[in-house]
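The values are calculated or read from the model by the stated rules, or taken from the named source; none is laboratory data. Quick caveat: nothing in here was measured; it's all calculated off a predicted structure. Here the Cβ positions follow ideal geometry from the backbone for every residue, glycine too, while neighbour counts run over all protein chains shown. Accessible surface is based on the protein model in full, side chains and every heavy atom, while ligands, DNA and RNA are left aside. Shrake-Rupley method; radii C 1.70, N 1.55, O 1.52, S 1.80 Å.
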Amino acid sequence: MESESYESYTDKTRVYDLKPLRTLKPVFPSGNHQAPPPFVCSPPFGPFPPGFSPFYPFTSSQPHTHQNTSSQPSLVTPLRSFRSPNNNNDDADPEEGCSTPKKRKIPKKRTPEKKNVNFESGITAAERENGNRKLVKSVLTRYEALRRRFSQLEDAREAVSGINKRADLKAGSTCMSRGVRTNAKKRPGVVPGVEIGDVFFFRFEMCLVGLHSPSMAGIDYLAVDEETTIATSVVSSGYYDNEEGDPDVLVYTGQGGGGNADKEKQTSDQKMERGNLALEKSLVRNSPVRVIRGLKEASQGGNKIYVYDGLYEVKESWMEKGKSGHNTFKYKLVRAPGQPPAFATWVAIQKWKAGLREGLILADLTSGVESIGVSLVNEVDEENGPGYFTYSTKVTYSESFNLTQPSLGCDCLSSSCRPGNLNCHCIRRNGGDYPYCGNGVLVSRKGMVYECSPSCPCSSCKNKVTQMGIKLKLEVFKTGNRGWGLRSWDPIRAGSFICIYAGEAKEKDQTIESDDYAFDTTRVYTSFRWNYEHGLADEVDSEEVSEEPEMPLPLVISAKNVGNVGRFMNHSCSPNVFWQPVSYESNGQLCLHVAFFAVSHIPPMTELTYDYGVTQPSEAQNGNALHGMRKCFCGSEYCRGSFG
DNA sequence: GCCCAGTCACGAGT
DNA sequence: CACTCGTGACTGGG
């Protein structure tokens, strides 16, 4: 019996015609465009250039990698021997007050940059030209890791305010110069490895994966012959005037004329040149144009995010007087049929948020325990909900549980608990780094994250991300073949906190047999690299450290009778969520829990999954396995077949 | 506390 | 080369 994919649960009783934005098996339009084939066939596991250890997705247990299975960093040679060209003059770096001489590195061996791009990025020249899913994911993961680290360093440097707060640009240009990019060859139509529904949080991300090259401009174009340029992609600004319009239509404003995106401040007529001319040619030639919708997302604090909405065709163009009275070009783009929904899902979710979600079994299965309701939906069959359990956001420890390690919080006075303040005990426990970016995004995966606690005097301190409950609009839904699952209405940014695993913490040997809702930290988890990548450690002024969780003692959390939404998250061999031990102090004692964070950006309505791990072989022999091996339905290319 | 307008400095591609 | 493009983080007022 083969596992069902998402596409196959088309039940007549279903109420919605909505699929997750990213279907497990990508669907591409089979339209009449002369688009390149959706994927470039390349061996899934290498060969990789010497020194490159593939780190995503989770390849360390794969037979073909030549990486040693131990968690030792692989043989990437002189980690700290490369400097980016723009850091050359940093000998003048004023490191005021800090007299540690460790930073003064010995002669910076810099081999000519061009020659070493391959070596440093692990991406070959061919792969930089044409990508695939794995490369796209890898580039985005590395960009994000670098950006988070730059952001963390910037936050800590509070002294000189106002200058260079753009970690996105810094990470972007670093990736560019190090060759951490793919699909650099411009093309119209499908970009290999980028899927409809993919979400982006920065312009540079789209630049690095070849979806849209200009770091700022809204129209990308390509010379097809000596005198013709055609448009390849447009990014809509997010101030769409046709709010209630057809989601398959985009009226796009041409570029130029000064002013900002909505052209209210336009200072001159637009000219038929560059992007405008290219769109005109695309209209004449019926060539496909990729559309990226810029959206103002309330769930992201009103920040703009970008959704790749697939291929469109330019159907009409005209000129009109803009709000400022100057000539403005307009282009009507219409979406090619047969593509999976992306922007349309956003539009639907806006209606749901206004209270129009149909087919709800429950609007809030937490009965108000969480500050944001968790909806319960079944679009698959008649089952009207999961078995009874008590909803709780906490981990409770049984009396016999021996977790009486004394622990200290910080003594920062109210809100002085700031990044870069090494007097803060909590920050010191994190190795001197504040573990989160300003918006609550986790910077690095590590053995243990230390948060401030309710009893720290720093009342408004933000270092309590995993203690504040869920912030996303989540939904428990019936899957086709894996029971109930969890997904989000909101797009989720890589490193965002999702929820903890609540339940009853037990010592390992107390656990009842056949508990399908147990989280067991003693299992074997596939290792993977999420932090800034090999070869870039010098860029972020940091040593490479282990990312693997380090628990002070074995812990099993049972959510069979008491738990939170964490108990509904299913297993996947290519998960989009990882777990991270977090501890904090409470009344002089250590509190420990397991928190879930997003691996990558996750589009709305995509099932959230993590790696359940494998029972240690020695225990399986002793019959201590909590439950037997279960068949895996994750459908991933890297599926191990079973788990448990 | 939230929304909005205004300010500022920035990089890739042509 | 000099220029074009518009962003993203922040700030202050309503």
Nearest-10 value in Å² for the accessible area of A:Thr466, using the 1.4 Å probe: 10
Amide hydrogen neighbours beyond the local backbone of A:Ser586, cut-off 5 Å, H modeled: A:Cys591
Amide proton proximity set for A:Thr229, modelled H, under 5 Å, gap of 5+: A:Val224
Unit charges at the beta carbon, dipole of region A:312-470: most positive-side option, A:Val449, A:Ser460, A:Phe389: A:Ser460
Table column - 3J(HN,Hα) (Hz), region A:601-616, Karplus curve with 6.51, -1.76, 1.60, x for Gly and Pro: 5, 10, x, x, 6, 8, 4, 8, 9, 9, 7, 6, x, 10, 4, 4
Those trypsin sites (Lys or Arg not before Pro) in region A:267-300 that DSSP places in a loop and that have at most 11 other beta carbons within 10 Å: none
Most to least packed among A:127-137, A:341-351, A:316-326 [average Cβ atoms within 10 Å]: A:127-137, A:341-351, A:316-326
Too-long pairs where the Cα-Cα distance tops 26 Å, listed order kept, from A:Lys134/A:Lys446; A:Lys185/A:Lys281; A:Lys137/A:Lys281; A:Lys304/A:Lys462; A:Lys353/A:Lys478; A:Lys165/A:Lys351: A:Lys137/A:Lys281; A:Lys165/A:Lys351
Cα gyration tensor shape for region A:293-377, rounded if a/c is under 1.5, else prolate or oblate: prolate
Under Karplus coefficients 6.51, -1.76 and 1.60, residue-wise ³J(HN,Hα) of region A:492-506 in Hz, glycine/proline x: 10, 7, 3, x, 6, 6, 9, 6, 9, 9, 7, x, 9, 7, 9
Residue-normalised accessible area of region A:152-233, given per residue in Å² at a 1.4 Å probe: 38
Ranked order, A:Met448, A:Met629, A:Met216, A:Met206 - accessible area, probe 1.4 Å, largest first: A:Met216, A:Met629, A:Met448, A:Met206
Accessible area per residue, Å², region A:316-397 with all protein chains present, probe 1.4 Å: 51
Cα gyration tensor category, rounded, prolate or oblate, for region A:558-600 with a/c compared to 1.5: oblate
Shape call, region A:250-352: gyration tensor on alpha carbons, a/c limit 1.5: oblate
Flagged links, alpha-carbon separation over 20 Å, of A:Lys296/A:Lys330; A:Lys271/A:Lys332; A:Lys394/A:Lys464; A:Lys265/A:Lys332: A:Lys296/A:Lys330; A:Lys265/A:Lys332
Accessible area, probe 1.4 Å, largest first, for residues A:Arg357, A:Arg157, A:Arg429: A:Arg157, A:Arg429, A:Arg357
